[in-house]
Amino acid sequence: MRYDVVIVGAGHAGAHAATELRKAGFAGSILMMDAGSEWPHERPPLSKEYLAGEKTFERLMFRPTSFWNEQQIAFLPGAVVSGVDANAKMVSLSDGKRVDYGTLVWAAGGHARKLACEGSELEGILSIRRASDTDQIIKSIERGAKRVVVIGGGYIGLEAAATLSGLGCETTVIEATSRLLGRVTCEPISRFYEQQHRARGVDVRLNSSVARIEGAAGRADRVILSSGEALEADLVIAGIGILPTIEPLVHAGAASDNGVIVNERCETSLPDIFAIGDCAARLNCWSGSTYIRMESIHSATEMARIAALAICEAPIPPPGIPWFWSNQFDLRLQTLGIFNDFDDQVMRGNPMKRSFSVVYLKDRRVIAMDCINATRDFAQGRLLVGKNAEVDPARLVDPKVPLKEVARSVTS
């Protein structure tokens with residue numbers, strides 16, 4: 001079979017690429033395939049509302065199933081790509097089938113990084129990447145699982161810990177480094193979230209690593225730390241990040257560096273092959289001279305639109321300000337920009353009031369913000385981050401002074 005555009009991956013990037021192609025007027029044939037068996041659905045709620053039982057799978061779906069038929073977008077679930085032939089313009093599947101393409105959009109995302117310790121192959125060790133993963137966690141809880149050990153203190157691990165704690169589980173978070181969210185935020189916010197989790201009964205273990213996981217009858221029931229301490233566990237959740245799913249493209253000759261390298265049009269080094277979403281590393285004005293693979297909804301949907309417009313030979317808009325969010329308990333964290341290489345930070349507001357922001361600067365210019373229960377700062381901070389505005393740090397401290405007023409009086 002042959003399609004004008006074949007999209008590998010039906011997550012945020014892949015599904016949006018398909019819809020953006022139709023919005024841009026593309027009339028050719030489109031096939032969207034995915035390794036999973038579910039219809040295209042949102043990922044962020046999997047560790048929050050879906051896990052808590054507050055959202056059904058139907059509410060996670062990007063579109064009703066009828067939409068894809070109406071838009072003449074074919075969907076092939078359970079399709080695992082085993083190879084790509086860039087010269088023959090052909091995708092090979094693990095079941096032996098082959099699909100020819102005119103243009104290939106690689107949106108395969110990433111797969112959960114596996115634990116490297118002894119016992120990591122036992123049953124009862126789960127990750128959260130798609131709805132079926134969360135379904136397994138829900139079933140374990142319904143069968144009586146109460147003691148949960150979450151390995152990894154990043155966003156996914158903490159969101160899951162917050163949700164599970166709210167469901168009445170005895171939850172422990174194991175983090176190998178000295179603070180939570182260490183790769184993505186500053187120390188004051190890390191300490192704030194540590195305190196918030198502890199206050200709600202989550203047992204946070206910092207500077208702790210897993211030596212091995214033990215279990216009877218092939219199922220995990222104890223996590224042994226490097227210190228020798230044993231933690232009883234009915235369920236283990238591994239939240240130690242993802243690895244980009246790029247092997248078929250790399251074997252086909254695509255340039256890569258912690259992701260498939262793409263240009264400003266999301267084109268790879270291979271002809272007529274684009275890469276978007278969590279698996280793609282791109283250079284833009286927000287990342288300086290470094291190729292960055294960003295794992296966010298904003299990046300996935302923006303790259304999907306760029307690739308669709310490029311395929312349709314339409315003008316490409318400049319990249320927007322990167323943003324992200326994370327909900328834990330009643331705390332909403334919203335981020336703007338990329339905070340790498342900041343040389344100063346300004347605390348705006350009081351963490352004790354559970355509503356504050358941190359503004360990151362480099363050479364006195366605003367490069368990023370983290371806002372916790374501070375939606376107004378998040379909305380108005382776009383003006384400062386977007387301008388890369390030079391600001392006297394003292395003007396940012398008082399939360400009673402709206403950031404839009406600060407933005408009006410600064411130079412970019």
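Summary of computed values
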| read-out | value |
| --- | --- |
| Residue tally, condition among the acidic types (Asp, Glu) and within 24 Å of the chain's Cα centre (by Cα), over region 57-73 | 1 |
| Cross-chain or 6+ apart pairs with Cβ under 6 Å, region 178-202 first and closer than 23 Å to TRP323 by Cβ, then of a type in the set (D, E, K, R) | LEU180/GLU194; THR185/ASP370; ILE189/ASP370; SER190/ARG179 |
| Condition check for GLY153: modelled with pLDDT of 95 or more, at positive phi and surrounded by 16 or more Cβ atoms within 10 Å (Cβ to Cβ) | no |
| Failed condition for ARG282, given (1) among the charged types (D, E, K, R); (2) without any contact (Cβ under 8 Å) to a residue 40 or more places away in the chain; (3) over 30 Å from CYS371 (Cβ atoms); (4) in contact with a strand residue (DSSP E or B) (Cβ under 8 Å, 6 or more places away or on another chain) | (3) |
| Odd one out for ASN258 among (1) assigned to a loop (DSSP other than H, G, I, E, B); (2) at pLDDT 95 or above | (2) |
| Options GLY228, GLY182, GLY215, GLY168: the member that is at pLDDT 95 or above, outside the structural domain of ASN87 (by TED's automatic domain parsing) and under 24 Å from PHE356 (Cβ atoms) | GLY182 |
| Options GLY386, GLY337; residue that is buried (at least 18 other Cβ atoms within 10 Å of the Cβ) and under 24 Å from the mean Cα position of the chain (by Cα) | GLY337 |
| Any hit, region 80-95, residues being out of contact with any Ser or Thr (no Cβ under 8 Å at 6 or more places or on another chain), part of a loop (DSSP other than H, G, I, E, B), farther than 25 Å from GLU20 by Cβ and among the basic types (Lys, Arg) | no |
| Every residue from region 10-48 that is surrounded by fewer than 21 Cβ atoms within 10 Å (Cβ to Cβ), within 19 Å of ALA314 (Cβ to Cβ) and hydrophobic (A, V, I, L, M, F, W, C) | ALA24, PHE26, ALA27 |
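The values are calculated or read from the model by the stated rules, or taken from the named source; none is laboratory data. Because the structure is a prediction, the values reported are computed rather than measured. Please note: Cβ atoms are built from the backbone with ideal geometry, for glycine as well, and neighbour counts cover all protein chains shown.
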